[in-house]
Structure formats: C-alpha cells, structure tokens
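Novice: Okay, here's the structure, questions in a sec.
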Amino acid sequence: RLSSEVPWHRVDDRLVVGRRLSVRDELPSAISGVLDLTSEFAEPRHLRIAGYRCLPMLDASSANPLAIARAVRAVASQPGVLYVHCAQCHGRTGLAASLILVARNPGMSPADALARLKAIHPGIGLSRQQEKVLHAVAAQLTNP
C-alpha cells in the first residue's frame, strides 16, 4: 500500500501483472480473470470476479509444483485477459506469469519468459526456491 510502484503492467494482449490492488484501485480494463497468489490478504470484493482463482503462496516461496502446474494450465487456456498478482508483483507474480507465458508460447524458455517480465517490470525477481520451481514446472508444461 505504501509502494511507489505503478499498480500493474500489461505484458501482452492477454496478460497483466501487478500488485495486490486496494479497494480504491480499479482493475485494468477488459480483465476477465484474476489469479491471486497471496496468502496473507483477503482479496477486495471487486477483484473476486467470475474468473477469480486463488493459488496461495507465502512471500518468497512457492506452492506445490503440481498445484502450480494445474493452476497455470487452467488459467493459460482461458480466453480473455488475465490479471496475475501477489502483494508487490515481485517473486510470486514473476513465477506464475513466467509459467503462463511458457504455457501460452510454445518454444519460449522459462529464462526468456522471466527476462520478458523483468524488461516490463524490473522489480520482478525470484527466490532460489522459486527459480527451481519455475524450471521444474516449465518442464511439466512443455512435456505433458
């Protein structure tokens, strides 16, 4: 809430990443789904739209790789624009959004996906655990 960072960043025509929005913040336009990665906050009511999904993770950590793969497959295949967020749009969002890019773009490596996100939002950075999970889950997504 005290962050001076912009609340969200458009990655492409189907993916927007950002921080947890407050009750005063509006969703970016044309959002049809939300992937909430926080476990420490209740989502404001206006973000719990029809396409809302929660995959709770603690800051700087990761959920179970199978749960992440299942959630990524589900949201990556949905039509429309997806808003992915954690508390500050750093680690958890970087992990999930990288995997969504890998799932949606055959041939994209996890490193390329993460680099693309960092070019849009330099604050994105993964912990060592998240890096390991990124590569493990990306392998599952590309070799079902």
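Novice: Quick check: is even one residue across segment 113-129 assigned to a helix (DSSP H, G or I), closer than 16 Å to Ala67 by Cα and touching a residue at least 12 places away in the same chain (Cβ under 8 Å)?
Specialist: Looking through segment 113-129, at least one residue is assigned to a helix (DSSP H, G or I), closer than 16 Å to Ala67 by Cα and touching a residue at least 12 places away in the same chain (Cβ under 8 Å).
Novice: Just for segment 1-44: of the residues that are among the β-branched types (Val, Ile, Thr) and farther than 19 Å from Ala60 by Cα, which one is most open to solvent (accessible area, probe 1.4 Å)?
Specialist: Looking at the filtered set, the residue picked out is Val23.
Novice: Let me ask something additional. What number of residues in segment 47-80 are under 17 Å from Ser29 (Cβ atoms) and touching a Leu at 6+ places or on another chain (Cβ under 7 Å)?
Specialist: Summing the residues that are under 17 Å from Ser29 (Cβ atoms) and touching a Leu at 6+ places or on another chain (Cβ under 7 Å) in segment 47-80 gives 1.
Novice: Within segment 67-75, is there a residue that is closer than 24 Å to His135 by Cβ, open to solvent by 80 Å² or more (accessible area, probe 1.4 Å) and either among the basic types (Lys, Arg) or in a strand (DSSP E or B) (or both)?
Specialist: Yes - at least one qualifying residue is present in segment 67-75.
Novice: Across segment 101-111, what is the number of residues that are surrounded by fewer than 24 Cβ atoms within 10 Å (Cβ to Cβ) and either of a type in the set (Val, Ile, Thr) or farther than 13 Å from Val11 by Cβ (or both)?
Specialist: Counting residues in segment 101-111 that are surrounded by fewer than 24 Cβ atoms within 10 Å (Cβ to Cβ) and either of a type in the set (Val, Ile, Thr) or farther than 13 Å from Val11 by Cβ (or both) gives 6.
Novice: Which residues, counting only those in segment 118-144, are under 19 Å from Arg73 (Cβ atoms) and open to solvent by less than 10 Å² (accessible area, probe 1.4 Å)?
Specialist: Hits for segment 118-144 are Gln130, Leu134, Val137, Ala138.
Novice: Could you list, in sequence order, the residues of segment 91-117 that are touching a helix residue (DSSP H, G or I) at 6+ places or on another chain (Cβ under 7 Å), of a type outside the set (Gly, Ala, Ser) and over 12 Å from Ala76 (Cα atoms)?
Specialist: Leu95, Met108, Pro110, Leu114, Arg116, Leu117
The values are calculated or read from the model by the stated rules, or taken from the named source; none is laboratory data. Remember, it's a predicted structure, so these values are computed and weren't measured experimentally. All Cβ positions, even for glycine, are placed from backbone atoms using ideal geometry, and neighbour counts span all protein chains on display. To get the accessible areas, we keep the full protein, side chains included, count just its heavy atoms, and leave off ligands, DNA and RNA. Shrake-Rupley method; radii C 1.70, N 1.55, O 1.52, S 1.80 Å.
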